[in-house]
Amino acid sequence: MKRINRRSTAMLGCALLLTGWLAVNAILSSVSVPVRLDLTQGALYTLSPGTRAMLQSLDEPVHIDFFYSADAAKDIAVLRNHAIRVQEFLDEIARVSDGRVVVRVVDPLPFSEAQDQATAAGIAPIQADGSGRQLMLGLLISGSTDRREGIPYLSPSDEAYLEYDVSRAIVNVSRATRARVALITSLPMDSSFDPRSQQMAPPWQVLAQLRNLFEVEVVAADAAKLPEKFDALVIAHPKGLDEQLLRAIDQYAVNGGKMLIFLDPYCESDAQAAGAMGFGAGGGASDLGPLPEAWGIDWKGGEVVADRTYAQRVRARSQSGLATVDYVAWLLLNGDAILKDDPAYGALTNIVMISAGKLATTAGASITMIPLIESSTDSMLIDGSKLGAFADPAALLREFVAGNQRHALAARFVGVVKSAYFQSDGAPAAEPPTKPATIVMIADADLLRNEAWTQEDRLGSLSLGWRSFADNGSLLLNAVEQLCGDNALLSLRSRSSSQRPFDVVRELQRAAEDRYRAREQELTAMITASQTRINEIQKQKSPDQMLILTDEQQSQLVALQGEMGEARKELRQVQFSLREEVEALGHRLMLLNVVVWPIVVAILAVGWGLRRTFFKRRAAR
């Protein structure tokens, strides 16, 4: 009787526990509870502190329309799960903003008004599958004014940059006007006379794109001061700047300024040194006076980074004539060379640099350096005097000796900087530091020139537009946009992806594929060889009997056709076996997750209960 009562009590306790759990979930699903616990890897559902501060500082409401074709994506697990992740992220933004951000989910059904709105906002439909089904998965962010910004397609592969992209758009649309950029350069970036064509050259594409997104004010090299109001300062290959302008730049940095600086150790597109010879004939180094060293930045003119891993292949003259060689001073940087942790740079694919220099911090510097683009360890430092119009790429390659050290070619420097100028009494000429400066420095200015990254397509005298083969323009625009934005953008890093790769499953699948791949290749080769032999037999017909084969040829043809048929049959069987083994692997994993593990947990629970009962009985005796 006592045993029955214990069993009844245990069953009643389990029933009450289950009922209580269901009740708690029902209450939490209908009531907003201000307590959240994010246990995901990388805190996927937790906004960065910078984003939270930015959202809570908004003065005007921001509206986000999430265009998502739910019905079209219901059978595509990757897109459906990604859309759920995006919606949860947007809901978290709306919650943290305390009503400052309003999120609306819109299903752009075909031929609906919502579809017209999405199309007008630049949300592009994509092909969902081979049947021609289309879907939309994008955002339209709009502020209280007419400013709007769209994200045409939220790719699952770009999920790591979702927070940065949305935060950047919110900052942009919440501005009353476009961000202002002050530009100082000695390069002929604006409309100028081209000595090669004897005509006026249009503005460089980087400047044209910069003007499309920002209000740009060009500051002359002999100016005595900087503009009164601007959001970021861009300096490209400075030379011959007036001392008063250098002092103004120094004071701007000391007071926590935001700058993008292109310092080139050997500027091959320097117009003053190149004269009429054009690109590759320059050689002047940038000159920012005493500022870099005073700020704690180690940069040397004339010192160029050569890299064998990222060297571009060029046609150059050698002792045996024209040859294709690796030009170690001209770099095509990609992959591990670019910092993937920073959203402004992580999405860049290829960066072309021409005779770039090395960046570091000086001893005792008060600023911190974060490398953005680096050379490989298969690199060395060379003298810039070996470059230019008469450079010998083959000789540079022969003399190359790797230093087994990576060099920063672009970096972000953050911290309080010291003034480079002092008054007669020894006190700094600039105001005492009040807040940290942000200085993005790129040790190359040639990368801004059109020839380094873009090409104009022409039909006679008609321009068909510009086509980019490198991301140099995006490098400039992303860096400026990040500097002009809220400080939250500078603190953001790329997030972990919610899509977890099944590494073990992939290894098992790869092993299964390897077992069949070799035989598949053998069979394919046999089929190709048999077909080739059949063609050769067909060509062996005599001229007067083009339609008749000899008995020997006929027997060889029949045998080869039989071999080819058997090979194709076995190939189909091999491919079928591969699919069957991969599907069986999936079934085993499903069985393991759905059946085996619950049974194991149940057995452990029963064992634990029996153990407790056993010890209680022993204690009772």
Taking just the alpha-carbon atoms of the range 49-173, what radius of gyration and Dmax come out, in angstrom? 14.4, 47
Ordered by residue, what ³J(HN,Hα) values in Hz, to whole numbers, does the range 439-451 give under the Karplus form 6.51 cos²θ - 1.76 cosθ + 1.60, where θ = phi - 60° and Gly and Pro are x? 10, 9, 10, 10, 7, 6, 10, 4, 5, 7, 5, 3, 4
Taking r as the C-beta separation of Ser155 and Phe614 and R0 as 60 Å, the FRET efficiency to the nearest 0.05 is 0.55
If amide hydrogens are placed 1.01 Å from N in the peptide plane, which non-local residues have theirs closer than 5 Å to the one on Cys267? Gly283, Gly284, Ala285, Ser286
Of the cross-linked pairs Lys386/Lys435; Lys358/Lys418; Lys225/Lys358, which ones have a Cα-Cα span greater than 31 Å in the structure shown? Lys386/Lys435
In whole Hz and in residue order, list the ³J(HN,Hα) couplings for the range 375-382 that follow from phi through the Karplus curve 6.51 cos²θ - 1.76 cosθ + 1.60, θ = phi - 60°; x for Gly and Pro. 7, 7, 6, 8, 9, 7, 9, 10
About the Cα centre, charge dipole magnitude for the range 107-161 (Lys/Arg +1, Asp/Glu -1 at Cβ), debye: 80 debye
Output wanted: per-residue J couplings in Hz (rounded whole) for the range 110-115, from phi through Karplus 6.51 cos²θ - 1.76 cosθ + 1.60, θ = phi - 60°, x for Gly and Pro. x, 6, 9, 5, 5, 5
Order of 104-115, 294-305, 357-368 by packing, highest average Cβ count within 10 Å first? 294-305, 357-368, 104-115
Sorted by chain and then number, the residues having a modelled amide H within less than 5 Å of the amide H of Asp342, at least 5 places away or on another chain, are Ser494
Long-range HN-HN contacts of Thr454 with modeled amide H, under 5 Å: Phe469
Report the full-extension gain for the segment Asp146 to Glu215: residue separation times 0.36 nm, less the Cα-Cα distance, to one decimal in nm. 23.1 nm
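Bear in mind these aren't lab numbers, they're just calculated from the coordinates by the rules spelled out. This one's a predicted model, so the numbers in the text were calculated from it and none came from an experiment. Please note: Cβ atoms are built from the backbone with ideal geometry, for glycine as well, and neighbour counts cover all protein chains shown.
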